[in-house]
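*Asks:* Here it is, the structure, as structure tokens.
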Amino acid sequence: MTDSDGAYSRLGLLLKPHGLMTRCALHLNEDADLAAREHGYRTIVLAGHAGSSFWQHFERFRAGQGGNDPLDAWSRVAGEAIAPQMDGCTALYPFEKPWWPFQNWIARAEGLKPSPLGILIHPEFGLWHGYRVAFAFHEAIAIPPPATHVHACDSCLGKPCIAACPVGAIGESGFQRDACRTYLAEKPGQAGCMRTGCLSRNACPVGAKYRYNRDQLRFHMAALDVP
């Protein structure tokens, strides 16, 4: 294993001007990560955001861009600006082929599990975080040990996220996508969740200080492309 001149720390510094940060990292296994290993990748560092840390940077980018997927486009621009500054590094994205196993990497490296909404819940950031790009290194660089977070939902009393859903689309048995989309397309949903963000997500008490700002909430709801 090599420190590669502090590659992990240096990557964090390069991410900061974009409002992003290193989220977690892992060394790839010869058996479990065969496809990535065949590309010559040995270490994956996942980068993303907590709260609205990246939003002002994205807004400036979006103001001068068109297209249907501006957040994906911005993520690619950020990734392609950073990767060449790191030796033996390639930027990978969760929104384009080949479909890299981001969820598997996150589970192994950061130890997060889904909330009743289906969104991975973080003990500090709650439901207000995301992953935008993975940096694949051809060397086994030095990285922090995998995290072992306690699943916040296990100790949550009352499950306010479930009670807050006006159509019962959130439950212990899973997320009822069709019921949610039908509600969002109707007048109450347009005046409620589509305007202020998902009521169930807003009801979660974990990481409340990281809650997305109003513009970001509306952007993500609009991205659902409700009829």
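*Asks:* Within the accessible area of segment 1-141, what % is carbon and sulfur when the probe is 1.4 Å and the other protein chains stay in place?
*Replies:* Taking all protein chains in place, segment 1-141 shows 50 percent carbon and sulfur surface.
*Asks:* Let me ask something else. Under 4 °C and 1.567 mPa s, how fast does segment 6-89 diffuse according to Stokes-Einstein, given a Kirkwood radius computed over C-alpha pairs? Answer in µm²/s, whole number.
*Replies:* Reported coefficient: 91 µm²/s.
*Asks:* Also: Tell me, in nm to one decimal, what length is gained between residue 196 and residue 35 on full extension, where the rule is 0.36 nm per residue of separation less the Cα-Cα distance?
*Replies:* 53.9 nm
*Asks:* If packing is taken as the average count of other Cβ atoms within 10 Å, what order do 29-40, 132-143 fall into, highest mean first?
*Replies:* Highest-to-lowest ranking by the protection proxy: 132-143, 29-40.
*Asks:* Tell me, how many Å apart are the Cα centres for segment 152-227 and for segment 88-148?
*Replies:* Each part's Cα centre sits 23 Å from the other's.
*Asks:* While we're here: If you take the C-alpha gyration tensor of segment 55-144, multiply each eigenvalue by 5 and take the square root, what semi-axes do you get, largest first, in whole Å?
*Replies:* Whole-Å semi-axes of the equivalent ellipsoid: 23, 21, 12.
*Asks:* Between 13, 26, 127, find the one with the highest GNM mean-square fluctuation for the chain; connect C-alpha pairs within less than 10 Å.
*Replies:* Taking springs between Cα atoms under 10 Å, the residue moving most is 13.
*Asks:* For segment 88-165, with only Lys/Arg (+1) and Asp/Glu (-1) charged at the beta-carbon, what is the dipole magnitude about the Cα centre, in debye rounded to 20?
*Replies:* With Lys and Arg at +1 and Asp and Glu at -1, about 180 debye.
*Asks:* In addition: Rank 107, 81, 18 by how far each Cα sits towards the positive end of the charge dipole of segment 1-144 (+1 on Lys, Arg Cβ; -1 on Asp, Glu Cβ) and give me just the farthest.
*Replies:* Among 107, 81, 18, the one farthest towards the positive end of the dipole of segment 1-144 is 18.
*Asks:* Within the chain, what is the number of lysine pairs with alpha carbons under 23 Å apart, leaving out pairs fewer than eight places apart on the same chain?
*Replies:* So the count works out to 4.
*Asks:* If you don't mind, there's one more thing I want to ask. Would you mind putting 146-152, 15-21 in packing order, based on average other-beta-carbon counts within 10 Å, highest first?
*Replies:* 15-21, 146-152
*Asks:* So, taking all protein chains as they sit and a 1.4 Å probe, how much accessible area belongs to residue 125, in Å² rounded to tens?
*Replies:* Using a 1.4 Å probe on the heavy atoms, I get roughly 20 Å².
*Asks:* What distance in nm lies between label points placed 7 Å from Cα along the C-beta direction at residue 62 and residue 155?
*Replies:* Each label point is offset 7 Å from its Cα along the Cβ direction, giving 3.5 nm.
*Asks:* Over segment 1-81, give the accessible area per residue in Å² for a 1.4 Å probe, as an integer.
*Replies:* The answer is 51 Å² per residue.
*Asks:* Rounded to a whole number, what % of the accessible area of segment 176-227 do carbon and sulfur atoms account for, probe 1.4 Å?
*Replies:* Percent of accessible area from carbon and sulfur atoms in segment 176-227: 53.
*Asks:* Okay, moving on. Provide, as a two-decimal number, the C-alpha radius of gyration of segment 90-194 over 2.2 N^0.38 Å, N being how many residues it has.
*Replies:* 1.33
*Asks:* For segment 5-118, what relative contact order do you get, as a whole percent, if you take Cα pairs closer than 8 Å and at least 6 residues apart?
*Replies:* Result for segment 5-118 is 25 percent.
*Asks:* Something else about it: For segment 143-194, what does the accessible surface come to per residue with a 1.4 Å probe? Please give it in Å².
*Replies:* 62 Å²
*Asks:* What whole-number value in cubic angstrom gives the convex hull volume per residue for the C-alpha atoms of segment 135-227?
*Replies:* Per-residue hull volume (Cα only) is 169 Å³.
*Asks:* Now for a different question. So what's the Cα pair-distance distribution over the chain, bin width 5 Å, in %?
*Replies:* Over the chain, the share of Cα pairs per 5 Å bin runs 1, 6, 13, 16, 18, 16, 13, 9, 5, 2, 0, 0 percent.
*Asks:* How far apart, in nanometres, would the label points at residue 142 and residue 214 be if each is projected 7 angstrom from Cα along the Cα-to-Cβ direction?
*Replies:* 4.7 nm
*Asks:* Note down the nm distance, to one decimal, between modelled labels 7 Å out along Cα→Cβ at residue 163 and at residue 85.
*Replies:* A separation of 4.7 nm, rounded to one decimal place.
*Asks:* So how exposed is residue 44, as accessible area in Å² (1.4 Å probe, rounded to 10)?
*Replies:* Accessible area of residue 44: about 0 Å².
*Asks:* Note down the magnitude of the dipole of the chain about its Cα centre, charges +1 on Lys and Arg C-beta and -1 on Asp and Glu C-beta and zero elsewhere, to the nearest 20 debye.
*Replies:* The calculated dipole for the chain is roughly 920 debye.
The values are calculated or read from the model by the stated rules, or taken from the named source; none is laboratory data. Since the model is a prediction, treat every value here as computed from it, not as a measurement. As a convention, Cβ positions derive from the backbone with ideal geometry for all residues, glycine included, and neighbour counts pool all protein chains shown. Surface areas here come from the heavy atoms of the whole protein model, side chains and all, with no ligands, DNA or RNA. Shrake-Rupley method; radii C 1.70, N 1.55, O 1.52, S 1.80 Å.
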